Amino acid sequence: MKQTNGQQIISLFEQWAPKSLAVEGDSIGLQIGTLNKSVSKVLVTLDVNSKVVKEAIEQQCELIIAHHPPIFRGMKHMRTDLPQGSLIEQLIKHDIAVYAAHTNLDIATGGVNDLLANALQLENVKILEQTTAEKLMKLAVFTPKESTEQVRIALGNVGAGQIGDYGNCSFTSDGEGRFKPSLSADPYIGKANELAIVAEDKVEVVFPASIKNRILRALLTVHPYEEPAYDLFILETEINEKGLGRIGTLPTPVRLSEYAQTVKKQLHVPFVRVVGELDKLVQKVAVLGGDGNKYIQTAKRAGADVFITGDMYFHVAQDAEAMDLAVIDPGHHMEQIMKDGVTDYMNAACIEKKLACTFIPSKLSTEPFQFI
């Protein structure tokens, strides 16, 4: 196993939950300390409070990955005689860095909302509210016939031609190419100042817009022409849709009261609040980790029978009741599911990359409420 540093660990994490997924204005990324140091043990937590910091110190962790950012709004001071300043002081004294992954981890494939959907036994799961998507692009390149195969292979090796579950997809048509090299040119085919007519193929492939530069580098590296002729098109087709929340179905309809008990058990919470007729049958379920108050209309439009989210406001609950949308509110702390999810994912990723770093979930509850 290879020793690693914080930069490598976070780079690996961001391959899963890149910052670009986060909603605008979200406070994410490195918040305290430095990643430019050796990291062998990482604590995963929902929140960072004084008890969690003590746990990280006792466990000799060099890095904390938290879902809820400890610095969410701009700080006007850092007084060590106040709770937030004291917490930051302890982290700096013990050289423990804190990295926050909030809505980017909510949105990521396999992230918080997928973990919730899996725990709630949902099938046919889809995104509830799309936040990002990527355009497809098409490359059409003209190549001499003897070079067509090597061009196709090179483009496929860097990700061109991936359509759903099918890779290395391309289309080839043949024709004649005409060009006249200038006196200063160094042509692969033809002579300077003479019109050349060449049997060529036109190779067409599609690819995500985000890898355009990689595609062009591969093309220019392998293409035999001094100046290859190619066209690039932006397509209307979108791929890699990402978003907040999930919606899916239960295998069979169940009573709202029964499913509320399932939610309570599966999310390991001490109670749930329920809006709606307890005898109502529900099957289509929307779920959104954290505070989902502003998404009740989204859940209703998507056809949900019940919406599972935290921190439901009184008047929003009344609105949901009026539109016949049942709600199960397990509280904001239901997002604790991310501790084991991130731990399992990152430990597997470190083993695959042969990195000597271990992730551990915080064993503490950061739920501020007590229930009597």
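Some values worked out for this structure:
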{"read-out": "Acute angle (nearest 10 degrees) that the helix 212-222 long axis makes with the longest principal axis of the chain, alpha-carbon atoms", "value": "30 degrees"}
{"read-out": "Å² per residue, accessible surface of segment 12-151 at 1.4 Å", "value": "46 Å²"}
{"read-out": "Charge context of Val198, other residues only, Cβ under 15 angstrom, K/R +1, D/E -1", "value": "-3"}
{"read-out": "Over segment 138-243: Rg over Rh, Cα atoms, Kirkwood Rh", "value": "1.03"}
{"read-out": "At most 10 other Cβ within 10 Å, DSSP loop - GluC sites (Glu not before Pro), segment 6-61", "value": "Glu24"}
{"read-out": "Given charges at Cβ of Lys, Arg, Asp, Glu: the chain dipole, positive-most of Met346, Pro83, Val316", "value": "Pro83"}
{"read-out": "Helical mean residue ellipticity (222 nm; -39500 (n - 2.57) per DSSP H run of 4+; nearest 500) of the chain", "value": "-8500 deg cm²/dmol"}
{"read-out": "Positive-pole candidate from Ala133, Gly190, Ala100, dipole of the chain, charges at beta carbon", "value": "Ala100"}
{"read-out": "Debye-sum result for segment 1-51 in log10 I(q)/I(0), which assumes one identical scatterer on each alpha carbon, at q = 0.23, 0.26 Å⁻¹", "value": "-1.10, -1.25"}
{"read-out": "0 to 90° range, to nearest 10: angle between helix 148-157 axis and the chain longest Cα axis", "value": "20 degrees"}
{"read-out": "DSSP-defined antiparallel bridges as percent of all bridges, the chain, nearest 5", "value": "70 percent"}
{"read-out": "DSSP-loop trypsin sites (Lys or Arg not before Pro) across segment 263-372, with at most 11 other Cβ within 10 angstrom", "value": "Lys354, Lys363"}
{"read-out": "Chymotrypsin sites (Phe, Trp or Tyr not before Pro) restricted to DSSP loop in segment 240-305 with at most 14 other C-beta within 10 Å", "value": "Phe271"}
{"read-out": "Segment 222-357 - share of DSSP beta bridges that are antiparallel (%, nearest 5)", "value": "55 percent"}
{"read-out": "Three semi-axes of the equivalent ellipsoid, the chain, Cα gyration tensor, whole Å, largest first", "value": "49, 30, 17"}
{"read-out": "Arg152, Arg73, Arg255, reordered so the largest accessible area comes first (probe 1.4 Å)", "value": "Arg73, Arg255, Arg152"}
{"read-out": "Derived scalar couplings ³J(HN,Hα) [segment 332-346; Karplus, 6.51 cos²θ - 1.76 cosθ + 1.60; whole Hz; x for Gly, Pro]", "value": "5, 5, 4, 6, 4, 4, 5, 4, 6, x, 5, 4, 5, 5, 6"}
{"read-out": "Cβ charges +1 (Lys, Arg) and -1 (Asp, Glu), total dipole of segment 25-66, debye", "value": "120 debye"}
{"read-out": "Apportionment of accessible area to carbon and sulfur, the chain, percent (1.4 Å)", "value": "50 percent"}
{"read-out": "Charge sum, other residues only, whose C-beta stays under 9 Å from Asn113's C-beta, Lys/Arg counted +1 and Asp/Glu -1", "value": "-1"}
{"read-out": "19 Å Cα-Cα threshold exceeded, pairs from Lys265/Lys294; Lys51/Lys93; Lys126/Lys300; Lys51/Lys339; Lys41/Lys93; Lys54/Lys264", "value": "Lys265/Lys294; Lys54/Lys264"}
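The values are calculated or read from the model by the stated rules, or taken from the named source; none is laboratory data. Owing to the predicted nature of the structure, the values given are computational and were not obtained by experimental measurement. Cβ atoms come from the backbone with ideal geometry, glycine included; neighbour counts cover every protein chain shown. Side chains included, ligands, DNA and RNA excluded: accessible areas come from the protein's heavy atoms. Shrake-Rupley method; radii C 1.70, N 1.55, O 1.52, S 1.80 Å.
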